[in-house]
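Input: a single structure, listed below in structure tokens.
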């Protein structure tokens, strides 16, 4: 009994004080941490590959007019999986190490928009080469003009 | 105004009540992690309490499921005024990966007024500490909404006609 | 005996009741039977052949076949076979015979199938609602193909799940949905006579998020692993791995060996951090907070290591259909070994201290007894089963990833009490450390992701199972046409283990109830089920209201 308690006491005492000084001293993540995804507007070609693979469906493609495509990222529901950065053919998206994302101003702070000049790329379905047959563009739900509910012959009306 | 009131009302010690409204447990575990030796939130006088009636702060994790809505409303009413609501995790902030599921109402702010948002899936314990420290006025907000535009006259942003289909 | 021989013996017994019989490899048997023979076949598999009931599932196949597909899953652990039992019922009469009277473990899943697909189990002893919210309309079934995944019908009145009234003379103690000892929202009504607990009613499913519907209507094959990972925040990798294996088996995709080894390493890392987490929580439950603080301190470097390998502390996001996304680079190997050695040393110290500690032994030894036979009948899995002398371990019984090339021991204790379950987990943690070391040593070079150039054909089905820290995780995938599964069924281990709780409680002091429940390492986010627990007789059974009113405890 006593030896057991002593062993436990040693177990507690040996490591000493371990508490980190955070937030007064930074404690940055090691390795390739998947933090806030940043989009480089200059590199983006507007292919929509990121919107296709995003599991949280947080990236929406809007075609405003013939020449402008808007990429709206609702990072409030981003799950930081990094798939968008993986598939981006131009490496326009990078997963930064930023994780101190708290805000008191509402979730609008987490919205990121980017307007891309498209010219002819609208009819180019080949800018984006998916890494596997399972990632190809066939999902209509991520384009705001093709949002539809259920099947084509679903009895439920759109809300 | 509300923020100033909060700063006056909570100068020293925040007692927090943690509730799960449909969460996967990831954020819950990280909230407990914040109390363990490496992060030790009790340095700031933050204490996890067992009853909402003792709490100053409501930590909400998870997307709000349809079944949990009445319970969450009653829970909020049970916390005495003035109170702070902190939404932890991408689910609580914006509904997360299931935002449009039939049984999910959405982020916590569709039901309750939320004062602080801590995104992340799950947020690191450091990120939770940072958010709570922000409520205590110790740290600053770092993010804001982003609006980017490609310049229309940039020649290199025009794709080559020959590459198109 | 392989799957074909098992199928032949069923065919011999039931003749033309078996419409179709196919063995998908040596370890998976697929049977289609006529609806009228369902109960007798299920009884034969469960009672005569000793198969463990896993789960059942309903699929809306009205578009393809004009029928609903009802599937019951059984596992034959000694022979390493999973049995899939299909029955088709017509659109005009969506009814199927309930197997719950003969296979009690099917209780919740049959009701879930009714709620989600609308196929009524005829003869079910407790036809109450289970999964859907209290204000969900009665005639909308979320898993039918024509109901959109984002349909939010207006609230309906008077359809809430009726709660049971207490037996005569007893009073009700409501616990929840938010209560100090509950991490997750659950609602218990405990019926007490004085100090004595005479019964309880339990409303779960507060965490129901519609995962299966999203996976089969809104997401594509490669998006589902991420939603699967978020079924549970503690053992997420287990779920995504299990899903990916099911799809890979259905489509015949070969995962490169290095990918398999990386999956194994991540699974074992997850087992270590989950067992450490459990020990801390168990210490907290029995009022020994030193254990909570110290064990979680030991666990923290492991979390940093996971963050370094995968980019996140919990949701690793490493699995995709066909392999893994990130390699474990050689320069991390030494760090992995260093962290593991550190944990091993401290764990050994803790291990040596526990048997002499009277505080711990008084709370763990001899409490929460779950006899071997009861554990078998209730379908317990994982450490709960192994602590009761049942040698079930998916890593050995149904090998996956790289486990067939590694030394995996089944840790079985026959103490049947909380201490035995604790010791199983303590031993497994040390085993996991050794498995990771061996895997790091033997990991081959090469690709980590299979090249997938063709679409996955529709109509294929396969089972994926993984030994989670809590027990067997079971996923079933039926592939569909639009680059996504047509049906994806998940069963988490807590579902099976929760049914073992009532016998544990029998004869225990009320103060031991939390650690009894805690000893199965419950995870309600995964499970979220509902049951009626009759503590006094230790039976999981469901009472109708009339029965209750007439019954004297």
- Message: Go through (1) outside any loop (DSSP other than H, G, I, E, B); (2) within 11 Å of chain B (Cβ to nearest Cβ); (3) at pLDDT 60 or above for residue A:105 and report which single condition fails.
- Response: (1)
- Query: Can you name the strands (runs of 3 or more DSSP E) wholly within the range B:18-131 that have at least 2 residues being within 30 Å of residue C:141 (Cβ to Cβ) and at the interface with another protein chain (Cβ under 10 Å from one of its Cβ atoms)?
  - Reply: B:104-106
- Item | Candidates C:335, C:327, filtered to the one that is surrounded by fewer than 20 Cβ atoms within 10 Å (Cβ to Cβ) and in a helix (DSSP H, G or I) | C:335
- Could you check how many residues of the range C:122-175 are away from chain A (no Cβ under 14 Å) and under 23 Å from residue C:109 (Cβ atoms)? 21
- Query: For the range C:352-364, how many residues are surrounded by fewer than 16 Cβ atoms within 10 Å (Cβ to Cβ) and more than 10 Å from chain A (Cβ to nearest Cβ)?
  - Reply: 1
- Message: As an exercise: evaluate residue C:503 against (1) more than 27 Å from residue C:397 (Cα to Cα); (2) modelled with pLDDT under 85; (3) more than 14 Å from chain A (Cβ to nearest Cβ) and give the number of the one condition it does not meet.
- Response: (1)
- What is the number of the single condition among (1) under 23 Å from residue C:141 (Cα atoms); (2) in contact with a strand residue (DSSP E or B) (Cβ under 6 Å, 6 or more places away or on another chain); (3) in a helix (DSSP H, G or I) that residue C:115 does not meet? (2)
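Suppose we keep only residues that are away from chain B (no Cβ under 11 Å) and assigned to a loop (DSSP other than H, G, I, E, B) within the range A:63-81. Which one would you say is surrounded by the fewest Cβ atoms within 10 Å (Cβ to Cβ)?
Checking each candidate, the answer is A:65.
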- Identify, please: which residue in the range B:132-165 is more than 7 Å from chain A (Cβ to nearest Cβ) and part of a loop (DSSP other than H, G, I, E, B) and is, among those, modelled with the lowest pLDDT? B:160
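Conditions tested, residue by residue: (1) surrounded by fewer than 24 Cβ atoms within 10 Å (Cβ to Cβ); (2) under 24 Å from residue C:316 (Cα atoms).
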| site | (1), (2) |
| --- | --- |
| B:58 | no, no |
| B:81 | yes, no |
| B:88 | no, yes |
| B:93 | no, yes |
| B:96 | no, yes |
| B:113 | yes, no |
| B:118 | no, yes |
| B:128 | no, yes |
- Looking at residue B:34, is it crowded, with 19+ Cβ neighbours inside 10 Å and either over 25 Å from residue A:53 (Cβ atoms) or modelled with pLDDT of 90 or more (or both)? yes
- Message: Restricting to the range C:435-459, name every residue that is modelled with pLDDT of 90 or more, surrounded by fewer than 21 Cβ atoms within 10 Å (Cβ to Cβ), in contact with a helix residue (DSSP H, G or I) (Cβ under 6 Å, 6 or more places away or on another chain) and in a loop (DSSP other than H, G, I, E, B).
- Response: C:443, C:444, C:446
- Query: If you scan the range C:38-61, which residues turn out to be touching a strand residue (DSSP E or B) at 6+ places or on another chain (Cβ under 8 Å) and assigned to a helix (DSSP H, G or I)?
  - Reply: C:38, C:39, C:41, C:42, C:45, C:46
- Task: Scan the range C:212-223 residue by residue and report those that are in contact with a strand residue (DSSP E or B) (Cβ under 7 Å, 6 or more places away or on another chain) and either without any contact (Cβ under 8 Å) to a residue 24 or more places away in the chain or more than 7 Å from every other protein chain (Cβ to nearest Cβ) (or both).
- Result: C:212, C:215, C:216
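Determine whether the range C:396-412 contains at least one residue that is within 14 Å of chain A (Cβ to nearest Cβ) and either at pLDDT below 90 or within 24 Å of residue C:220 (Cβ to Cβ) (or both).
no
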- Item | Residue that is in the same structural domain as residue C:363 (by TED's automatic domain parsing), in contact (Cβ under 8 Å) with a residue 24 or more places away in the chain and touching a strand residue (DSSP E or B) at 6+ places or on another chain (Cβ under 6 Å), where the choices are C:486, C:467 | C:486
- Quick one: residue C:276 ticks every box in (1) over 24 Å from the mean Cα position of the chain (by Cα); (2) more than 8 Å from every other protein chain (Cβ to nearest Cβ); (3) closer than 26 Å to residue A:27 by Cβ bar one, so which box is it? (1)
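The values are calculated or read from the model by the stated rules, or taken from the named source; none is laboratory data. Please read all numbers here as calculations on a predicted model, not as lab measurements. As a convention, Cβ positions derive from the backbone with ideal geometry for all residues, glycine included, and neighbour counts pool all protein chains shown.
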